[in-house]
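A short write-up of the structure that comes next.
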Amino acid sequence: TVSISMFALPTRRNPEEGPHSDLPEGEIVEILERANNPIVGVFQKSKHFFVVVPDDNRLGVDVLIPKSATKGARAGQKVVAVIDDWESRGHNPEGHIEEVLGKSGEVRAEMASVARQYQLPAEFPKDVLAEAEKITEIIPLEEIKKRLDLRNEICFTIDPEDAKDFDDAVSFKALDGGDVELGVHIADVSHYVTEGSKLDREAYTRGTSVYLADEVVPMLPENISNNICSLRPRVDRLTYSIIMVLSPKGIVKDYTIEKSVIHSKRRFSYEEVQAVIESGKGDYADIIKQMHALSKVLLAKRMREGSIDFDSSEAKFKFDEEGKPTEIVKKERLDAHRLVEEFMLMANQVAAKHIGQPKKEQNILPFVYRIHDSPDPTKMKDLAEFVQHLGFSMPAHGDITSKSLQKLLSDIQGKEEENVINEVAIRAMAKAIYSDKNIGHFGLGFRFYTHFTSPIRRYPDLIVHRLLFEYSSKLAQKRREYYMGRLPDICKQSSDRERVAMEAERESVKVMKVEYMRRHVGDEFTAFISGVMRFGLFVEISDLLVEGFIRVRDMEDDYYVFDEKHYSLIGKRTKK
């Protein structure tokens, strides 16, 4: 947090100065509050004083710790320090130890340091837990009477084998004339987590559940997320349903968005559904077979319309009793995953169009959209030049469309250059965010898109449920002004918390990969070059998705020069 001194508005309007050239200018005159506090790092002792060397080297300096403020920390331990005083950039900050996490390098201490570094909440406040415990899973008959009763319909959930919360269920019916009815039924968290409640304020602060490599930091207390709102099999649960009538070509002909109650008939894992798809046998095999056929139609339609499908691999860990990783497994993307993905994408689109595409322009209401801006043309030009150097084609000038990117990804599939081109392309893309201003979703090729399907773990989905319900009543216009003022803040907070969650999740995966590989020092693995920088090569062990770095100064067979345009290091003597 800073204090800023403003200058007069500039008079220059040179378009080459960028989109912000007509904004007021200023200078920072005082730092009021520092963002990097507390600091996570390694406690060390020198001859005359103690220091904490931060894990995040962006701070640029070590934190001095007086002998009276070490909290018993020993050299080599991971600690959390708080800065108490920092006179100027010319001096090291001084602080005190707030928490000792354990020995640096040990997996428990390193995972704890990730949680502290990203300031992930360790537990829920007592008043929030007390509010959650008061909520009962008994559904009053009066509430059921207000809702669409789908308890006799065949609904089931499809989730990872180790999932604890189930926030989406699906149903399917074949109709006359080749049309089908697809139902997407989402846990009605908004019924229990009401606006302004302690649960709501805590969920807003957290923004999202965070899925670290070995644990989950949930957005909502367990009583809500894993029990009352979880669509467990063979129990009644309150839901918000989008029921769509689709043509044989996957076009939505009609839909209903309504609060409902379901009774899930089965809890499937992805692997179980995949087995049914492949064998044609098992529980609800006929329905799953027809669902699979519909998902393939929806996927083909989406690809034709320009949706980009980055098929990046993810690592999953198996642990021993001490919580140390014993195996790294590459997550396989099954047809069962795609089935659920396509149905959720369709429901999210319908929810966004329902609000964002009214019959009359003046009836457009404030809403939470999931948007993805077009890529920076300069970055796309660089990408085009890079792939052309590797023998692939892509338009280098004019507006890059999602279809041209999709064609590139299709051309490189299975080629040895696939991974590095995928990585460069992803870096060139804008980041998807939440916004109350709809500009569409470039990556998916959708004009209207939102997040409706995961309110147990994402705050914006919870807000979307509230908006849909309020806008279905006579309150719509009365609440319009309130939401016009409130939604920009909710969207920014949700986007910020999502970014923190992603960074923490990636960091936790790195910790586990290092812990796994430290047992294999000296072993040999097959790897490929996944990236090139001026300082050296990134290499990835393909079977384990573990990335490492080879420094240029360790490549002693030649003197290597970096070619930035072609992502290459070229030997001066050998031209390798």
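The values are calculated or read from the model by the stated rules, or taken from the named source; none is laboratory data. Only a predicted model underlies this, so the values are computations on that prediction, with no experimental measurement involved. Note that we place each Cβ from the backbone using ideal geometry, even for glycine, and neighbour counts take in every protein chain shown. Ligands, DNA and RNA are stripped out before the accessible areas are found, and what is left, the full protein with its side chains, is counted by its heavy atoms. Shrake-Rupley method; radii C 1.70, N 1.55, O 1.52, S 1.80 Å.
Specify which of the listed residues (211, 192) is of a type in the set (Ser, Thr, Tyr) and either touching an Asp or Glu at 6+ places or on another chain (Cβ under 7 Å) or touching a residue at least 60 places away in the same chain (Cβ under 8 Å) (or both). Full working, then the answer.
Numbers: 192 fails: either touching an Asp or Glu at 6+ places or on another chain (Cβ under 7 Å) or touching a residue at least 60 places away in the same chain (Cβ under 8 Å) (or both).
Exactly one residue qualifies, and that residue is 211.
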Only one of (1) in contact with an Asp or Glu (Cβ under 8 Å, 6 or more places away or on another chain); (2) in contact (Cβ under 8 Å) with a residue 40 or more places away in the chain fails for residue 448. Which number is that? (1)
Sort through 436, 411 and tell me the only one that's on the phi < 0 side of the Ramachandran plot, surrounded by fewer than 20 Cβ atoms within 10 Å (Cβ to Cβ) and touching a Cys at 6+ places or on another chain (Cβ under 7 Å). 436
Residue 497 versus (1) out of contact with any Gly (no Cβ under 6 Å at 6 or more places or on another chain); (2) surrounded by 12 or more Cβ atoms within 10 Å (Cβ to Cβ); (3) of a type outside the set (S, T, N, Q): which is the lone unmet condition? (1)
Got a sec? Which of 98, 106, 123 is under 30 Å from residue 30 (Cα atoms) and surrounded by fewer than 17 Cβ atoms within 10 Å (Cβ to Cβ)? 98
Output the qualifying pairs, or none if there are none: Cβ atoms under 9 angstrom, residues six or more apart or on different chains, first residue in the range 14-41 and under 30 Å from residue 106 (Cα atoms) and basic (Lys, Arg), second residue surrounded by 10 or more Cβ atoms within 10 Å (Cβ to Cβ) and at pLDDT 75 or above. 34/83; 34/86; 34/93
Contact list please: Cβ distance under 8 Å, first residue in the range 266-281 and over 20 Å from residue 165 (Cα atoms) and without any contact (Cβ under 8 Å) to a residue 24 or more places away in the chain, second residue open to solvent by less than 50 Å² (accessible area, probe 1.4 Å) and among the β-branched types (Val, Ile, Thr), pairs at least six apart or on different chains. 276/288
Quick one: which of 481, 423, 416, 470 is at pLDDT below 95 and not in a helix (DSSP H, G or I)? 416
For residue 358, only one of the following conditions fails: (1) crowded, with 16+ Cβ neighbours inside 10 Å; (2) of a type outside the set (Gly, Ala, Ser); (3) closer than 30 Å to residue 474 by Cβ. What is its number? (1)
Conditions (1) out of contact with any helix residue (DSSP H, G or I) (no Cβ under 7 Å at 6 or more places or on another chain); (2) in contact (Cβ under 8 Å) with a residue 60 or more places away in the chain; (3) assigned to a loop (DSSP other than H, G, I, E, B): number failed by residue 234: (2)
Looking only at the range 526-576, and only at residues there that are touching a strand residue (DSSP E or B) at 6+ places or on another chain (Cβ under 8 Å) and acidic (Asp, Glu), the one that is nearest to residue 510 (Cα to Cα): 547
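To keep it simple, each residue is scored yes or no on (1) out of contact with any Lys or Arg (no Cβ under 7 Å at 6 or more places or on another chain); (2) open to solvent by less than 50 Å² (accessible area, probe 1.4 Å); (3) modelled with pLDDT of 95 or more.
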residue: 242; (1), (2), (3): yes, yes, yes
residue: 245; (1), (2), (3): no, yes, yes
residue: 315; (1), (2), (3): no, yes, no
residue: 331; (1), (2), (3): no, no, no
Can we say residue 516 is within 29 Å of residue 109 (Cα to Cα), crowded, with 18+ Cβ neighbours inside 10 Å and aromatic (Phe, Trp, Tyr)? yes
Give the number of residues within the range 45-91 that are surrounded by fewer than 15 Cβ atoms within 10 Å (Cβ to Cβ), part of a loop (DSSP other than H, G, I, E, B) and polar (S, T, N, Q). 2
Of all residues making up the range 444-462, the number that are touching a Ser or Thr at 6+ places or on another chain (Cβ under 7 Å), open to solvent by 10 Å² or more (accessible area, probe 1.4 Å) and among the hydrophobic types (A, V, I, L, M, F, W, C): 1
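Please go through the range 256-289 and give me each residue that is among the small types (Gly, Ala, Ser), in contact with a Lys or Arg (Cβ under 9 Å, 6 or more places away or on another chain) and in a strand (DSSP E or B), ordered by number. It would help to see each step written out before you state the result.
Residues of the range 256-289 among the small types (Gly, Ala, Ser): 260, 264, 269, 275, 279-280, 282, 285.
Filter again for in contact with a Lys or Arg (Cβ under 9 Å, 6 or more places away or on another chain), leaving 260, 264, 275, 280.
The answer is 260, and nothing else.
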Output yes when any residue across the range 141-162 is surrounded by 14 or more Cβ atoms within 10 Å (Cβ to Cβ) and either farther than 27 Å from residue 234 by Cβ or without any contact (Cβ under 8 Å) to a residue 40 or more places away in the chain (or both), and no when none is. no
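Within the range 394-406, how many residues turn out to be in contact (Cβ under 8 Å) with a residue 12 or more places away in the chain and either in contact with a helix residue (DSSP H, G or I) (Cβ under 6 Å, 6 or more places away or on another chain) or open to solvent by 40 Å² or more (accessible area, probe 1.4 Å) (or both)?
First, the residues of the range 394-406 that are in contact (Cβ under 8 Å) with a residue 12 or more places away in the chain: 394, 396-397, 399-403, 405-406.
Then keep just the ones that are either in contact with a helix residue (DSSP H, G or I) (Cβ under 6 Å, 6 or more places away or on another chain) or open to solvent by 40 Å² or more (accessible area, probe 1.4 Å) (or both); that gives 394, 396-397, 399-401, 403, 406.
The number of residues fulfilling the criteria is 8.
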